[in-house]
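Everything on this sheet refers to the single structure shown next.
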Amino acid sequence: MSPEKNYGLLAAIDWNTNNWSGLSSPEDLEKSDFKAVEEGEIISSSLNFGHLQYASETDEYYYGLLPQLLTKTLDRDKSLHLKIVFLKSKDFNTGKLYIVGFYSFPVFVRGKRPSPLPDSDVDFTYNIKAKPADIHLVENFVDISDAALQKKIIPGGKKIGPQAFNYLPKQQVFNVLDAMTKLNPDDKRLHAIKLRLLRAIV
């Protein structure tokens with residue numbers, strides 16, 4: 001029997017009080033668990049959901065950063081069919097872990113780009129990109145601190161680590177999307193992307 005295909009990835013990003021469309025606050029940086037903070041890379045991930053505010057690159061993609069992939073690489077076979085990367089983040093105010101949004105139909109590519117901020121000349125590191133229409137931050141985050149929900153979205157009885165990433169088969173991908181749409185029933189953008197994923201994942 002061939003191994004089950006993975007269509008999703010659950011990856012971690014640092015908490016951002018500006019909803020990842022503005023630079024991390026001093027408190028965000030101080031309380032982040034990511035070693036990348038020490039290296040200055042955390043600033044690059046602070047605009048992961050700035051796709052509605054800042055212009056795309058010349059290839060019409062918007063570029064983001066997954067801090068975990070600064071030091072780790074994706075397994076080639078396990079990531080061959082990926083269609084969506086869900087982004088989780090731990091709110092240091094409550095200690096809860098949330099799925100806050102996603103990059104669907106992603107492309108993994110590494111490099112640096114000029115800062116999109118007019119008052120900053122610091123280059124931004126990136127390792128993921130997607131079309132702006134395929135990137136989405138939900139209004140109501142999915143609380144995955146709950147053990148029962150974790151069992152529905154993480155296969156094989158594995159646990160979610162604050163900074164580890166998990167590969168998700170088809171059913172788990174749609175369990176996450178179902179949880180998102182339940183919390184955000186009027187989110188037309190979410191529904192449209194979910195429909196496209198249903199058609200793309202076979």
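Values as computed for the structure displayed
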quantity	calculated
In region 109-144, residue modelled with the highest pLDDT [restricted to those that are of a type in the set (S, T, N, Q) and surrounded by fewer than 15 Cβ atoms within 10 Å (Cβ to Cβ)]	Asn140
Matching entry among Ser89, Ser44, Ser104 (being farther than 30 Å from Arg199 by Cβ and of a type in the set (Ser, Thr, Tyr))	Ser44
Selection status of Leu117, outside any strand (DSSP E or B), closer than 24 Å to Asp14 by Cβ and in contact with an Asp or Glu (Cβ under 8 Å, 6 or more places away or on another chain)	no
Glu38 vs. criteria acidic (Asp, Glu) and at pLDDT below 90	yes
Residue that is surrounded by the most Cβ atoms within 10 Å (Cβ to Cβ) [pool: residues in region 56-101 that are of a type in the set (S, T, N, Q) and either more than 20 Å from Gln171 (Cβ to Cβ) or over 16 Å from the mean Cα position of the chain (by Cα) (or both)]	Ser89
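The values are calculated or read from the model by the stated rules, or taken from the named source; none is laboratory data. Not measured: the values here are computed from a predicted model. Every residue, glycine as well, gets a Cβ built from its backbone with ideal geometry; the counts of neighbours run over all protein chains shown.
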